[in-house]
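The values are calculated or read from the model by the stated rules, or taken from the named source; none is laboratory data. These numbers were taken from a predicted model, which means no experiment stands behind them. Here the Cβ is made from the backbone with ideal geometry for all residues, glycine too, and neighbour counts use every protein chain on show.
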Ligand code: COA
Ligand code: AMP
């Protein structure tokens, strides 16, 4: 079948389409139907089925004779080590950890926070939770203690599983002190912590609260898989919204299994026995869907990569890992390719490796700029497939479905809507726009299986953030247009979310931190265009009247404050002191206009601006810190 036939088949009979896809999953009790719309606009999928994610990702492959196949390959150029774990070993390790958690009282529905770097044990912890129906919430290692504390208070975990440290190329990330500080700050206290001690740093354990990974599992009875309802939350993953409070995206078990399994074959063309690598981090949605669950559900081999595209040790490391693991489909962020291209513009490192088993390169996480795509096409000689999705959806809204057919690629477009997604471009009033017209991108409800049913403990916020602006639709927060062939073009965010090196960050969260500095009266953060990272945050600080302190010192303190409160991942390095911020007459800060000035783009004087002269002051302030960049 061609893509258009598959999409039409879904349109004609969505229920039949997803019930058929659900047949690829091992159910303990089969669902009687796919969509449960009784609580609309909160939609659920496969709610009355009984199923276990870990069984589908691990045990069933052992049963099917794949026990000796590598399930997880750990490639760590930072520690100079490579290690493979077979499906049989994975089953044993996960059952043991799950058994230990259960013995300590963890039950179905309990939350567990996982704070770990890119080591196989992170996946084992996720799968162990899934095995006993516990709900995990993985927190990215680049977040600081305060961010971890916010998540502890929101999902109130019974336990935290962490590593003693993470390894960045230039430093050891001391996870354990960050964890201890977060537990100190948080109001909710977990009952216990399990610490995976790495040889690079052995952490001090808190007597009575902390257990070492191995000691914790000593002598326990392995746990069998516990069947859960299709609508049981598999995990919560926090993502940036407009305010400092992150949104806890829920992923429900049944839809997650069905949708990810469908994508592995139809989008990535990966089947059991194939080798797949997504170079992301388990702390992000890409890591959840395509480092851990997707490839394992499909019975493929997945790679856990602890390194960077450049500098660990050289810009050929991606190609080396692809060659050595005979990777068939590879997935990374455009920013990683830009980093490689900067150091290897002629692709000399690419030529050193045999990449003939790689069938395609997939890109997501941010807009894939045409120059980077062209560079990759030229030097890799395989289709370069941009695809667009979000933490909320968990899988691609738009893609070029390689496993169905490779459609013609169009530079700057992540191609076409996937089955399950009716994507519309709307004007402010919610009316569909014509082809080529720029507007808000919305998806007609219901969203397909595998996407968020709601937010953790925040149904009102879910409705307000996503469903209220365009009734009957899910608002993606992205703006763009569709061409006459149905290809989508994702151009910008419509909210205060920015994308720095493929990481989704909230300028609102950074503003909250800056506003807490005693000398700052008012502030704004914008995302300016950055050649490597896509966007980079810039802070504007208005100081309290009468403040006579050295402005440079205040800027330094503010930069340190954001790193300390949000974490290094915010990459907040630049701020400038200004007298006033440009605002509308109703007091709304004109961030969009400030971005245009920082990027050196033409802008129209906003009709509602309070005092146009402020824009000259902003222009001068930006010039003093090197913007617009040459
Ligand atoms: N734990 C702790 N700190 C982390 C971290 C982690 N897991 N990940 C990043 N950081 C730190 C970095 O060390 C850096 O700290 P520094 O300010 O001391 O240098 C800071 O956070 C900013 O990181 P980043 O923006 O990633 O910049 P970088 O210079 O380290 O690397 C790239 C730049 C482009 C090579 C890198 O961002 C990259 O590979 N990006 C791809 C992102 C990706 O895969 N995203 C997932 C979506 S698909
Ligand atoms: P995250 O939730 O971290 O995956 O970030 C999702 C956001 O990243 C989307 O809403 C987009 O703004 C952006 N994004 C992700 N993939 C793409 C893509 N292929 N093209 C353009 N923007 C993208």
**OP:** Mind listing just one residue for me: the one in segment 589-621 that is in contact with a strand residue (DSSP E or B) (Cβ under 7 Å, 6 or more places away or on another chain) and either in contact (Cβ under 8 Å) with a residue 40 or more places away in the chain or not in a loop (DSSP other than H, G, I, E, B) (or both) and, of those, surrounded by the fewest Cβ atoms within 10 Å (Cβ to Cβ)?
**Re:** 609
**OP:** Go through (1) more than 15 Å from ligand 2 (Cβ to nearest atom); (2) crowded, with 19+ Cβ neighbours inside 10 Å; (3) in a loop (DSSP other than H, G, I, E, B) and name the single condition residue 354 misses.
**Re:** (2)
Original post:
Only one of 340, 250, 297, 350 is within 16 Å of ligand 1 (Cβ to nearest atom) and modelled with pLDDT of 95 or more; which?
Top reply: 340
Original post:
How many residues does segment 569-590 contain that are closer than 19 Å to residue 513 by Cβ and more than 16 Å from ligand 2 (Cβ to nearest atom)?
Top reply: 9
**OP:** Could you pull out the residue among 562, 569 that is closer than 21 Å to residue 338 by Cα, within 16 Å of ligand 1 (Cβ to nearest atom) and in a helix (DSSP H, G or I)?
**Re:** 569
**OP:** Please verify whether segment 300-319 includes one or more residues that are surrounded by fewer than 24 Cβ atoms within 10 Å (Cβ to Cβ), within 16 Å of ligand 1 (Cβ to nearest atom), touching a residue at least 60 places away in the same chain (Cβ under 8 Å) and in a helix (DSSP H, G or I).
**Re:** yes
Subject >> Residues being outside any helix (DSSP H, G or I) and buried (at least 19 other Cβ atoms within 10 Å of the Cβ) - total across segment 543-559 >> reply: 1
Original post:
Do the conditions hold for residue 407, that is, is it under 21 Å from residue 242 (Cα atoms), in contact (Cβ under 8 Å) with a residue 12 or more places away in the chain, crowded, with 17+ Cβ neighbours inside 10 Å and in contact with a helix residue (DSSP H, G or I) (Cβ under 7 Å, 6 or more places away or on another chain)?
Top reply: no
Original post:
Just one of the numbered conditions (1) under 26 Å from residue 474 (Cα atoms); (2) at pLDDT 95 or above; (3) within 16 Å of ligand 1 (Cβ to nearest atom) is not true of residue 413; which one?
Top reply: (3)
Original post:
Could we say that residue 63 is at pLDDT 95 or above and buried (at least 23 other Cβ atoms within 10 Å of the Cβ) here?
Top reply: no
Subject >> So residue 540, is it surrounded by 13 or more Cβ atoms within 10 Å (Cβ to Cβ), in a loop (DSSP other than H, G, I, E, B) and on the phi < 0 side of the Ramachandran plot >> reply: no
**OP:** Give segment 572-588 a look and list any residue that's within 27 Å of residue 548 (Cα to Cα) and either surrounded by fewer than 18 Cβ atoms within 10 Å (Cβ to Cβ) or within 16 Å of ligand 1 (Cβ to nearest atom) (or both), or say none.
**Re:** 572, 573, 574, 575, 579, 580, 587
Subject >> Unmet requirement for residue 154, which otherwise passes all of (1) touching a residue at least 60 places away in the same chain (Cβ under 8 Å); (2) surrounded by 23 or more Cβ atoms within 10 Å (Cβ to Cβ); (3) under 20 Å from residue 186 (Cβ atoms); (4) in contact with a strand residue (DSSP E or B) (Cβ under 8 Å, 6 or more places away or on another chain) >> reply: (2)
**OP:** Kindly indicate whether residue 396 is assigned to a loop (DSSP other than H, G, I, E, B) and either within 16 Å of ligand 1 (Cβ to nearest atom) or surrounded by fewer than 21 Cβ atoms within 10 Å (Cβ to Cβ) (or both).
**Re:** yes
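Let's see how each residue does on (1) within 16 Å of ligand 2 (Cβ to nearest atom); (2) over 20 Å from the mean Cα position of the chain (by Cα):
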| position | (1), (2) |
| --- | --- |
| 137 | yes, no |
| 140 | yes, no |
| 143 | yes, no |
| 150 | no, no |
| 153 | no, yes |
| 180 | no, yes |
| 183 | no, yes |
| 197 | no, yes |
| 207 | no, yes |
Subject >> Test: residue 440 is more than 20 Å from the chain's Cα centre (by Cα) and either surrounded by 23 or more Cβ atoms within 10 Å (Cβ to Cβ) or within 15 Å of ligand 2 (Cβ to nearest atom) (or both) >> reply: yes
**OP:** Scan segment 359-371 and report the pairs whose first residue is away from ligand 1 (no atom under 13 Å from the Cβ) and whose second residue is part of a loop (DSSP other than H, G, I, E, B), with Cβ atoms within less than 6 Å and a gap of 6+ or a chain change.
**Re:** 359/328; 360/382; 360/383; 360/402; 370/411; 370/412
**OP:** Give the residues of segment 287-299 that are within 16 Å of ligand 2 (Cβ to nearest atom) and crowded, with 24+ Cβ neighbours inside 10 Å, sorted by residue number.
**Re:** 288, 289, 290, 291, 292, 293, 294
Original post:
Wholly within segment 170-225, which strands (runs of 3 or more DSSP E) include no fewer than the required count, namely at least 3 residues that are touching a residue at least 12 places away in the same chain (Cβ under 8 Å)?
Top reply: 192-196, 210-212
**OP:** Among the residues of segment 220-243, write down those that are modelled with pLDDT under 95 and surrounded by fewer than 20 Cβ atoms within 10 Å (Cβ to Cβ).
**Re:** 242, 243
